Each structure stands twice: as C-alpha cells, then as structure tokens.
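What follows is a short report on a single structure.
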Amino acid sequence: MSGHPSALDQLKEAAGPNGFTEDPQEIAPHLIEWRGRYRGQSPLMLKPDATAAVSRILAICNETRTPIVPQGGNTGLVGGQIPFDGEILLSLARLNQIRRIDAEGLSVAAEAGVILAALQRAAEEADRYFPLSLAAEGSCTIGGNISTNAGGVNVLRYGSMRDLVLGLEVVLADGSVLDITRSLRKDNTGYDLKQLFIGAEGTLGVVTAAVLKLFPRPVERVTCFAAVAGPAEAVKVLNLVQRATGGLLSAFELIPRIGVEFALAHIPQASEPITTTSPWYALIEASGGANGNLQDAVADALASAMADGVATDAVLASSDAQRQSLWRLRESLSEAQKIEGASIKHDVSVPIASIPEFLRRGTTAVEQLIPGVRSVPFGHLGDGNIHFNFSVPKGGNNDEFLERRSEVNRLVHDIVRGTRHRGCEAR
C-alpha cells in the first residue's frame, strides 16, 4: 500500500536487527532437505527469538497475504519444511530456551527451537528421562517433533510425541497466541485443543513452546541383538520378551541383513553385531528400575526363543559402549542407504501381526515392477511402523530409478491400504 513499508520491510522490523537474513549463502542450507531431493527458494529467512516476535510476523503475513513456511531443524525427508515457491522462511532455531524443569511433577517446558538431544541432556541432569529418541536427535527440534508427531524407537513403551505433550503455546495464522501450556497429567475439562496441532505440520499454527512429560530415569537398561529367520519369527520374539519383562520393553527394531551390509560398507564405526549371519535381526531394549532382574528376564526369553527355533543366536550388550555400538548400527541405516545410491522410501504403519505378510507382498510386488531393486525394510516392529525402503539396483541409474517413484509409491500404498486383520494406515 502507498505510504506503508513493504511486507518484507515490516517482517524484518518485526523480527528485530538480528532476527533475519537475506544472505543467499546463509539461507541456502535451509532450502534443501537431507537427501537433496527437495530444493526451494526464499528471499528472506526470519529468525525470531521470542513468541511475541512470531506473533507480529504472522499477523503481518496475514494482513499482507504473504505466504510463510515454518522450519525447525530441517531434518524432515518429505519436503514439508521447504519453501518451494519463494515463500518467506520462518526458522524457529533461536527460540531455544528450556523455560523450566519440574523434576517432582515430571514435566519440562521448552521452546520450539530446543534441540531434542539438548532436552534429553537437561532431563538427565535433573535425574529424569525424556524418552523420544531418533537418529536425527542431534539436530531435530522440539517444535518439529511436535508438528510431525515424531515417534522414534521408544513408541512401544512411551508412545509418540502425541502422548508426550502436556501443553502447547501456539501462534495462530492471524498472530494471536494460544497459550495452553498446562502441565496437568489429568485435565478432563473441555476439548483437548493441543491435539489439533500435534502432527499438523504447521498448517494450523506455529508451535513456539511446549510442556512435555518426563519420566523417572531408568536404572537398568538391557540391550540385545538377536538373529532371526524372518519377520514372523521376530514377531514371536517380540511377544516372548514382552511377556518375560512384564511390558518393560522400550524398543524392538527389525533390521535386514542388507541394511547391516550397507552399514558395514559405508559407516566407519560400524562392526558386525553378532557372529551368526542371518537374513534378519532384531535390536531389543528393555529398561526398568533397580533390583528388577531385567537382564535375567530378557536372557531367559531369548534362551527360550532359541530353544524353540524362533531365534538362531543372540548377544546381550555387556557395557554402555557395546550398547551404543548396536544402536549406532541401527541409527546409521539411513545414512548408509543414502551413500549406497538413490532410494524410494515409505514410512508406513500396519498391525504388528500383519507385518510379515505385508513385507512379503510389498517386496514381491516392487521386485516384479523393477527387477534387481534392493529391498531395505527396517524399523519399529514393536509398534508396527516400518521404513519400507528400496534402493536402486546395483549399478543402476539413480535418476531413472527415482522416475519410478510414483509407480512404487502407489503400489506400496495400495498394499498397505489393502492389508487385512484390523486394517492399517499409511503414514
């Protein structure tokens, strides 16, 4: 409008002197996702350090009809954080304060830009435990975790981010601030408005802070790696260990042999996890309090599994270094697959009992569509969430392989949708 500063100037003023950049080199890393598949453009990146600044920014965008894309740690793989059409980029990285920790009340209030690993450390320093854990925890942010309803490896025991949020502070599209940062464990009054924003990918508002659940810090942690013939046997081991530990199983990860081979070939720190070579493996972790004899319970369950022929071998980590080595192998699978070449990825959930049949049908269908394709399914068998990935055929052309992405996606998603036994849901 005549006589008024441009929208960009208004936004820069709202963000403050250190709250924006127009430097293409500084903005560039925020315009591409980790695999390099999605690339965007933006003339301006805003970096507010307070909720009030975010409020002013969104109010200006609303008044001037200026499109804006919020971004956390830029660790997403589906492009939701990328400004594809020249939108303003809103980075929440400077909203990075842990506002308070209530050790007795088992809660923590943190701003959206707090790195997940930093929150984990802060909880540990207070002799508490924040259970969300995923490979990107060194760079992903709490706001992004909430906006994507992140799950990670401990959903089996603690649930996804949706289950870990007690309250939220959200700036709506018109700039108004919705403050529902209550820390009550039991709040049965009215609508649970916070759930509207968890998993909404920033479409309903920008999360600026959250109150999250903490838990007592585990005293005993038992981690093991088991060799199994296939996913059906892995499901049986899951049930055996769950029963033996009385529900204290926190993680149960399915890993194919090809994933281990990728890691051994491309990750310097990776080492063969077990002496027995097997087509499939399970990474298992249980945790509990003191004097629980959890290790004996897990060991007995694995011994029973081997006696029944369900598992062929198993090793229990005897030190924290060994535990970290096993988890490093699992958490490096995505990086190893990236180095191996182009990949087509799916993040899907099906009922646990349906996983073996789903993997069989899905792998067969894609192998028929693209001869030589390498199936690399892995992930959270304990909660039914599988990273159903396919790597380019050995020696194949990456670009030609990725051109088949839509065909593969449709094939896989149709199989997910058609999976029987209580239904299933693509994610």
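Please treat every number below as a calculation from the coordinates, not as lab data. These numbers come from a predicted model, not from an experiment. Quick reminder, even Gly has a Cβ in these numbers, built from the backbone with ideal geometry, and neighbours come from all protein chains shown.
Roughly what % antiparallel, to the nearest 5, for the DSSP beta bridges in the chain?
Working: 61 of 67 bridges.
Here the share of antiparallel DSSP bridges comes out near 90 percent.
Rounded to the nearest 0.05, what FRET efficiency do T189 and E63 give with R0 = 30 Å and r taken as the Cβ-Cβ distance? Could you check? For R0 = 30 Å, the calculated efficiency reads 0.35.
The relative contact order of region 98-216 comes to 33 percent, based on Cα pairs under 8 Å that sit 6 or more residues apart. Between R99 and A109, A110, E111, the built amide H atoms are under 5 Å apart, and every one of these is 5 or more places off in sequence or on another chain. D by Stokes-Einstein for region 274-331, Kirkwood Rh over Cα pairs, 25 °C, 0.890 mPa s: 192 µm²/s. Using a Gaussian network model of the chain in which every pair of alpha carbons under 10 angstrom is joined by a spring, one finds that among D313, D23, D383 the greatest mean-square fluctuation is at D23. Computed with the Debye formula from one identical point scatterer per Cα of the chain, without solvent, the log10 of I(q)/I(0) at q = 0.14 Å⁻¹ comes to -1.35. Volume per residue for region 98-216 equals 97 cubic angstrom (convex hull of Cα atoms).
With a Cα cut-off of under 16 Å and a minimum spacing of 8 residues unless on different chains, the lysine pairs in the chain number 5.
Work out, in µm²/s and without decimals, the Stokes-Einstein translational diffusion coefficient of region 351-404 at 25 °C, 0.890 mPa s, Rh from Kirkwood over C-alpha pairs.
204
With a 10 Å Cβ neighbour count serving as the proxy for reagent exposure, in which order, fewest first, do W280, W34 appear?
On the way: W280 23, W34 15.
Starting with the residue having the fewest Cβ neighbours, the order is W34, W280.
According to the Cα gyration tensor, what semi-axes, each the square root of 5 times an eigenvalue, does the equivalent ellipsoid of region 220-334 have, listed from largest to smallest in whole Å? Can you show the working numbers first?
Values: eigenvalues 99, 57, 23 Å².
The three semi-axes for region 220-334 are 22, 17, 11 Å.
Which whole-number percentage describes the relative contact order of region 341-426, with Cα contacts under 8 Å and a sequence gap of 6 or more? The normalised contact order for region 341-426 reaches 43 percent. Computed from backbone phi, the HN-Hα couplings of region 76-86 come to x, 10, 10, x, x, 9, 9, x, 6, 10, x Hz, rounded to whole numbers (Karplus: 6.51 cos²θ - 1.76 cosθ + 1.60, θ = phi - 60°; Gly and Pro given as x).
Convex hull volume per residue, computed on the Cα atoms of region 214-272, equals 129 Å³. Among F401, F252, F390, the residue with the largest mean-square fluctuation in a Gaussian network model of the chain, with springs joining Cα atoms closer than 10 Å, is F401.
Please state the relative contact order of the chain as a whole percent: Cα pairs under 8 Å, 6+ residues apart? Don't skip to the end; give the middle numbers.
Numbers: 881 pairs, mean separation 50.5, N = 427.
12 percent.
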